[in-house]
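Student: Take a look at the following structure, please.
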Amino acid sequence: MTPQASSGSTPSDGHSPVRSKVQSFLSPKEGLGPLTAELLIVCLDPEEATKTLVPFLEAQGICFTDDNRDPLLIQARITSVTCHLPPQQVPLPTDMEFCSAALCEELQDMSGLRLVLVLGISAHIAVLRACGIPLTRLDFRPGEITRLPDGLLLADACHPLSEEADPDLLTQRKNALIKLIPQIRSALRPSA
């Protein structure tokens, strides 16, 4: 996996405004799960996802630890680079640019990464930008997995809602994610 995104012209001293802003978006200690994970989850509200989504995914055989004794477990990470984006409003283009540049750095650090699960259209846009793919090349397709030009798989899903949301919409989105999990498992464990 070699994302081709550019964060602009960055001097080699690493002290450009873009580089400094990117570093404030990304800290290797942030995020849940190891950088050695094969599945990366990108969403607008990683803190909320950690609370609500992790128990659900762990019940599906997706783990967020470095424990790889069970070959059927899928090792995952929830990135924190999106935690600076406003979850209740549309992010500004500059916010998305910095987020994508930080995400590009994280993707490059994840040598075992095989699949990115994006939750929501803003996460989809951030991943495409991080991988240097024009936004017009790949629509957001909830429930589908797409192979990117470099071989990385991209699974699109709608962002899960908080428990206070409309119960019907909450059930609909949860069921859509339940249907996507076997596809993710099949893509990562074809012989299982």
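The values are calculated or read from the model by the stated rules, or taken from the named source; none is laboratory data. Keep in mind the model is a prediction, meaning the values are calculated, not measured. As a convention, Cβ positions derive from the backbone with ideal geometry for all residues, glycine included, and neighbour counts pool all protein chains shown. When the accessible area is computed, the model is the full protein with side chains, heavy atoms only, and any ligands, DNA or RNA have been set aside. Shrake-Rupley method; radii C 1.70, N 1.55, O 1.52, S 1.80 Å.
Student: Highest mean first, how do 122-135, 173-186, 44-57 rank when packing is the count of other Cβ atoms within 10 Å averaged over residues?
Tutor: The peptides rank, most packed first, as 122-135, 44-57, 173-186.
Student: May I ask you to evaluate 6.51 cos²θ - 1.76 cosθ + 1.60, the Karplus curve with θ = phi - 60°, for each residue of the range 47-54 and list the ³J(HN,Hα) values in order in whole Hz, giving x for glycine and proline?
Tutor: Residue by residue, the range 47-54 yields 5, 5, 4, 4, 6, 9, 8, 4 Hz.
Student: Can you send over the carbon and sulfur percentage of the accessible area for the range 75-192, probe radius 1.4 Å, protein chains only?
Tutor: On the way: 3080 of 5800 Å².
For the range 75-192, the apolar C and S fraction of the accessible surface comes to 53 percent.
Student: Then there is this: For the range 65-160, give the share of DSSP beta bridges that are antiparallel, in percent and rounded to the nearest 5; count only bridges with both residues there.
Tutor: Working: 3 of 8 bridges.
Antiparallel bridges: around 40 percent, rounded to the nearest 5.
Student: Further, regarding this structure: I need the shape label for the range 87-130. Rule: rounded when a/c is under 1.5, else prolate if a/b > b/c, else oblate, with a, b, c from the alpha carbon gyration tensor.
Tutor: On the way: a/c = 2.97, a/b = 1.60, b/c = 1.86.
Note, shape of the range 87-130 comes out oblate.
Student: A further question on this structure: So, taking all protein chains as they sit and a 1.4 Å probe, how much accessible area belongs to Thr94, in Å² rounded to tens?
Tutor: Per-residue accessible area (Thr94): approximately 70 Å².
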